[in-house]
Every structure is written in structure tokens, then in C-alpha cells.
Amino acid sequence: MADQQHYSPGLEGVIAAQTRISFLDLQNEEIVVRGYNLLELIERARYVEVVGLLLDEQFPTPERCSELESQMVQAEVPELVYEILAKLPARMHAMDRLRTAVSALAAADPDANTADPDAERAKAPRLIGHIAQIVANLTRCAHGEKPRSFEPGRSFAENFLRTLVAREVTAAEVRAFEQSLIAYSEHELPNSTFAARVVASTLADAYGALTAAVASLKGPLHGGANEAVMEMLLEAQTADRLEELIRHKLARKERIMGFGHRVYMRRMDPRALLLKRTLQELVNARGSGTELVAMCQRGEDVMRTEKGLYPNLDYYAAPVYYLLGIPIELYTPIFFAARSAGLLAHIIEQHQDNRLYRPRVLYTGPRGLKV
Ligand code: SDX
């Protein structure tokens, strides 16, 4: 039986996978993704380049990029998936509708049951494109409207944002949105990536592993936080009211969404710092939204002084999405769509060099009872 010193609640501090994909190097304050610094990728790369880097283990050539981008943009979502979405009630949580759709994608893939890394790598760009188009149409489908496909000739990021907000979008808006996609693309072994690797370790296929990941990501302690952040900011409306609201919640021992992190603990999530800059750039480009920035800053100040806690990336992704006019129910689905590239890289890596996950327990129940 496992003894006391091997038990770590929530696997805190436990190394649970060996990987070449990414690493949160707290020592050097760097988020390493395939050897690159994620912050530099956010500032200088395009999302499709990060997809290539994650899937191919090397930075993609321009030719590889255009091949990837056309596979992602031209991926036709199977009609069956939209038919299923149309049958789901609009009151159903968007992440539950997404979970159903991701699972249903397997129906249209004759090679769905594979755990072959090469086959999975070949289909990954199409899957990433499917998931983004499903996310961009979740609200439309829930209200009986016809889904819109991405258009060849436009970038993946422009297609994604334009379909989400159903209007023409500016280059500044596309860049801000694309930076958020890269920020969300990969982050070592969060709960949802671990869930995907645990499922893939039984040699279950990518659809099952992705479905597990979307189920995990919905949780408010994880991906669901970005929606909750926006709800809190909208409830407060002003910096003073936000301070009041946070103090009130803390007094009731409630968690403030968008703050804290299992790995970063009492440090700023480097991605949050960058998305804070993205938010400011968006506000400068729009010429409005300064009160929103001031409100976010006040929230930061209160949490730092009262709890010694700092924002994670959800805290600043939410106001960026709000200014872009994205429906709040789609914030976490977008997180999942952006992370699908990292998730697929982990699923492929798990299938490449697999060892079934089967941890032990510290049993604290009764013994020796007789029937
Ligand atoms: C993501 O893992 C990843 O990388 C995830 C992610 C990714 O890219 O995939 O980064 C994305 O999930 C970001 C996190 C989004 N979640 C939230 O914003 C929800 C709010 N945050 C917390 O619930 C919390 O900070 C967690 C869940 C993120 C981390 O929790 P831990 O590591 O289990 O920390 P803990 O619960 O043990 O808290 C330690 C202390 C406690 O105080 P005490 O009981 O010791 O007095 O810090 C307090 C907590 O009460 N605390 C908070 C808090 N987070 C921790 N208090 C108020 N508000 C918070 N947000």
C-alpha cells in the first residue's frame, strides 16, 4: 500500500509526465514551448505557427504554415454535428454543448478509433479547424440559426473572430484575439491536459481524450474562470464597486475568479501580464474602455494587498473578449479551441511513448468487516 509520504493531495508538486512539449520554468520565469519562450511566441508568432511547432516539434516553414492554415480553415464540420447541436436546448451550458459536439465529431471520421501517432498528427489540423468552427457557431446553433463556415483566403484567426462576432473585424482586433489564442495554446500539465493524457494512456482515441479535456476545462477552478471573471466585472461596473465586491467575497471565504494558480502560487502568471498589455493596446486602438482597464487594475491591487494573490491569464483574457464583443458563454469554449493544438500534441506524445496511468491510494477506510 502506498505510504503517507507518497501521497500529495491534488498531485501537487508531482511530476506525472515526461514531455518534450512544454515546461513552466519558475526558476527562470519562462514558459517553455518546444524550446521557445511562450511570451515571445505570443508577441511575434502567428497562431498557425504555434500549431505547427506543437504538432511537428519544429517551427513551421512558410509552406508548412499555409498547408496547415488551409487544412484548419477549410475543415468542413460534419452536418451531423450541427444537427445534434441544433437539438440541444439553448439553456444547456456552452461547454456541455461543445463536449457533445467534440464527441460527435468521431462519427464522421472513418479512422476515429486510431491511437496511431502519425494518423493523429495528420488529422490534427482538421480537428483544430472543426473545433474552432463549432465554437464560433455554438451560440448561433443554440438559437436555430444557420452555422457559418470559415472562408478560404482569410487567416484562421480572422475567420475565427469574424465568425464569433458576426461582423467585419479590424487588424488590431484580429491581432489581440490571435495573441489570446497563443496564450491559451499550451501550458504544460493543467488538469484538462492531464485528463487527456490519462484517457489516451489506455490507448483510447483522440476524440475520447479531447472529450475528457473539455469536460475538465468547464470547471470554474480551471477554464470556467474566464467567464466568471467577466460576470464579476459586469456586476461591479466600477472600480470602487469591484473593490467592495471582492472584499465582500473574501470576507465570506469565497474564491475570486481569475486569481491564483497552482503552479504560479503567489506570483503573476506571465501570460496575464502580456494579455494586460494586449487589453491596453486594444483600448488604445478603440479609443474606449479605459474604465474597464482601471477596474481590472483595482481588482489586482486589492487581491495583492489582501491575499498576496496575482491574476492568471483568465483575468485579462475576459475583458479582451468583452471588448471584442464575444458572447461571454463562448470564453471558455475559445480557451478549449486554442488549447486543442497543445492537447493534440500531448495525446500524440502519450500514444508515441505510452505507459498506462494507474496511481495507487492511501486507504483510510475500515478493515476486516464481515458480511
Ligand atoms: C487555469 O494549471 C494550469 O496551468 C491552468 C491554466 C492553464 O493554462 O491551463 O493556467 C488555466 O485554470 C487558470 C486558473 C483559473 N482558475 C481561477 O481563476 C479560479 C480561482 N483560483 C483558485 O480557485 C485557485 O487559485 C486555483 C484553483 C487556481 C489554484 O488553487 P490551489 O493551488 O489548489 O490553491 P489553494 O486552493 O490551496 O489555495 C491556497 C490559498 C488558500 O488560502 P488558505 O485557505 O490557505 O487561507 O490561497 C487561497 C486559498 O483560499 N486562494 C484564493 C484564491 N486562490 C487561492 N483565495 C481567494 N481567491 C482565489 N482565487
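Values computed for the structure shown
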{"read-out": "Condition broken by residue 326, with the remaining ones in (1) surrounded by 15 or more Cβ atoms within 10 Å (Cβ to Cβ); (2) part of a helix (DSSP H, G or I) satisfied", "value": "(2)"}
{"read-out": "Search result, residues across the range 92-134 that are more than 17 Å from the chain's Cα centre (by Cα) and outside any helix (DSSP H, G or I)", "value": "92, 109, 110, 111, 112, 113, 114, 115, 116"}
{"read-out": "Filter result for residue 329 (within 20 Å of residue 232 (Cα to Cα), touching a His at 6+ places or on another chain (Cβ under 9 Å) and more than 14 Å from the ligand (Cβ to nearest atom))", "value": "yes"}
{"read-out": "Some residue of the range 334-342 being closer than 23 Å to residue 240 by Cα, buried (at least 18 other Cβ atoms within 10 Å of the Cβ) and at pLDDT 95 or above", "value": "no"}
{"read-out": "Test: residue 39 is in contact with a helix residue (DSSP H, G or I) (Cβ under 7 Å, 6 or more places away or on another chain) and crowded, with 16+ Cβ neighbours inside 10 Å", "value": "yes"}
{"read-out": "Qualifying positions in the range 242-260 - at positive phi, within 6 Å of the ligand (Cβ to nearest atom) and without any contact (Cβ under 8 Å) to a residue 60 or more places away in the chain", "value": "260"}
{"read-out": "Residue match in the range 283-299 (condition: within 15 Å of the ligand (Cβ to nearest atom), within 30 Å of residue 231 (Cβ to Cβ), in a helix (DSSP H, G or I) and in contact with an Asp or Glu (Cβ under 9 Å, 6 or more places away or on another chain))", "value": "yes"}
{"read-out": "Residues being away from the ligand (no atom under 16 Å from the Cβ), in a helix (DSSP H, G or I) and not aromatic (Phe, Trp, Tyr) - total across the range 184-207", "value": "3"}
{"read-out": "Residue 148 farther than 17 Å from residue 340 by Cβ, more than 20 Å from the chain's Cα centre (by Cα) and not in a loop (DSSP other than H, G, I, E, B)", "value": "no"}
{"read-out": "Single condition residue 228 does not satisfy, out of (1) aliphatic (A, V, I, L, M); (2) within 9 Å of the ligand (Cβ to nearest atom); (3) in a helix (DSSP H, G or I); (4) closer than 19 Å to residue 301 by Cβ", "value": "(4)"}
{"read-out": "Unique residue being of a type in the set (Asp, Glu), crowded, with 19+ Cβ neighbours inside 10 Å and under 15 Å from residue 322 (Cα atoms) when the list is 227, 281, 291", "value": "227"}
{"read-out": "Residue within the range 304-319 that is more than 16 Å from the ligand (Cβ to nearest atom) and charged (D, E, K, R) present", "value": "no"}
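The values are calculated or read from the model by the stated rules, or taken from the named source; none is laboratory data. Note that the coordinates shown come from a computational prediction; the quantities given were computed from them, not determined experimentally. Neighbour counts run over all protein chains shown; Cβ positions are idealised from the backbone, glycine included.
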